[in-house]
Every structure is written in C-alpha cells, then in structure tokens.
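Readers should treat all values here as calculations from the given coordinates under stated rules, not as data from a laboratory. Given the structure is predicted, the values throughout are model-derived calculations rather than measurements. Heads up, the Cβs are rebuilt from the backbone with ideal geometry, glycines too, and the neighbour counts pull from every protein chain shown.
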C-alpha cells in the first residue's frame, strides 16, 4: 500500500468513526443510545427513544459517511494514481470505523446504514437491490436485525451479477457481508431463542427497562 492510499484509508476510517447515533442524540439533548435498549449506537436503537427525527438523522448520517468515503476516494484518488483497489480499501475502512470507532472507545454500531452508503458509492443498482431486500424483509417480518442479515447475505449475490465476479467490488461485498453478519451475532442468538425485538419497540430510558437486542 502506498503512502497516499494509506492516507485515504485512514481518512475513511476516521469518517466512519463519527457515530451519528451519539452525535445526533447529544445535539438533541437525548440520552446516549449506548445507555438504553440494545445499547447499540444505530438508527434502530435511537428509534426506541420515540424520537423519529433523531433516528432518521442517524440513518442518513451513517449512510452518508459510507458513501462519502467511497466517493471522495473515487473522485480524488485518480489524481494520485489510485484506482478501484484503493476505493475498496476505503470502503472497508469506513465500515470498520463505524463498527469500531476510535472516537467512541471502539464500541460502534452494526454497520447496516454505512454499508448501504458504501454500496451506493460502488453502484447505485447494487445499493438499491440491497435496500429493497432490507425493506421487503423489514415490512414482512418487522425485525430489523433479520432483515439486515438476509440483505447482507444477498449483497454478494447481487454483486456477482451487477458488478461481475472479477470486480474488486465483488470481493469487497463478500467481506462487507461477513462483517455485518458478524456484528449481528448476538441478534442471531436472540432470534433463535425468540427474544429479538421488533422495529419501533420503545425502551423506557428513564426506568432503565431494556427491550430485547436488535
């Protein structure tokens, strides 16, 4: 890896480390999302506070940073001789930054919104296919984590046909799927035991009552 490529990867990681669930909650005078519900700093858990605007802003922020890291590398990278491999590394770096953020004690979110943002940076149709899969599953079963897991597993399949098996983005999509599913391992356990919460369930932040992990 060249020094320039390394700089882009580090920048992407730092962008990913901006946890919008925490940032938005602080800005709106809300409780830290790491203190209630699933304690996951993500849009689904922020929604448990009952503040829909905060959840939407979190979702948009986390998605935008994934897209930004990829787009910046794609736009500026070629000036320094960087190509798709550097873009792919930046994509993984921003996702890893979201999952293990340096600014928040390396305790981050599950990476779903950021992953979708990354996919939009790769290919719009790839991102739309993944998003449609999540929306369909979420509408049918109303369990965010299961929808995310199913959509993540399908992403490499979509990538195979949309960007091609020889594209560096295809391999990157496989890694993204593995990372997102790995971050949902506790949700898988809850799903198997019937304890997984559904979308929109609220958490009593004041009393400390937690809904099942999601």
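Taking the chain as a Gaussian network of alpha-carbon nodes connected by springs under 10 Å, the highest mean-square fluctuation of the residues 165, 41, 156 belongs to 165.
Note on residue 79 and residue 124: with the Förster distance fixed at 22 Å, the Cβ-Cβ geometry gives a FRET efficiency of about 0.40.
Potential lengthening of the chain between residue 195 and residue 132 amounts to 20.1 nm, from the contour at 0.36 nm per residue minus the alpha-carbon distance. Pairs of Cα atoms nearer than 8 Å and 6+ residues apart set the relative contact order; for the range 3-193 it is 21 percent. Quick one: angle between helix 52-76 and the longest Cα principal axis of the chain, in degrees between 0 and 90, rounded to 10, please. Taking Cα atoms only, the helix is inclined about 10 degrees. For the chain, modelled as a GNM whose springs connect Cα atoms under 10 angstrom apart, the maximal fluctuation among 90, 148, 11 occurs at 11. From helices alone, the chain scores -21500 deg cm²/dmol at 222 nm; the rule is -39500 (n - 2.57) for each run of n ≥ 4 DSSP H residues, then divide by the residue total. Between 0 and 90 degrees, the angle of helix 112-122 with respect to the longest Cα principal axis of the chain falls at about 20 degrees. Does a label point 7 Å from the Cα of residue 182, set along Cα-to-beta-carbon, have any residues of the range 142-164 with amide nitrogen under 18 Å, and which are they? So the set is 149-150, 152-156.
Starting from the Cα of residue 160, move 7 Å in the Cα-to-Cβ direction to define the label point; list residues of the range 173-198 whose amide nitrogen is under 16 Å from there. Under cut-off, by backbone N: 173-178. Placing a pseudo-label 7 Å from each Cα along the Cα-to-Cβ vector at residue 174 and residue 39 gives an inter-label distance of 3.5 nm. Distance from the alpha carbon centroid of the range 137-187 to that of the range 1-43 works out to 21 angstrom. Taking a ≥ b ≥ c as the square roots of the Cα gyration tensor eigenvalues, the range 68-134 comes out oblate, since a/c reaches at least 1.5 and a/b does not exceed b/c. Once both labels are positioned 7 Å from their Cα atoms along Cα-to-Cβ, the gap between residue 142 and residue 3 label points is 5.7 nm. With volume of the Cα convex hull per residue in Å³ as the read-out, I listed (1) 110; (2) 127; (3) 92; which label goes with the value calculated from this structure? So the calculated entry is the one marked (1). Axis of helix 144-162 versus longest Cα principal axis of the chain: the two differ by about 20°, to the nearest ten degrees.
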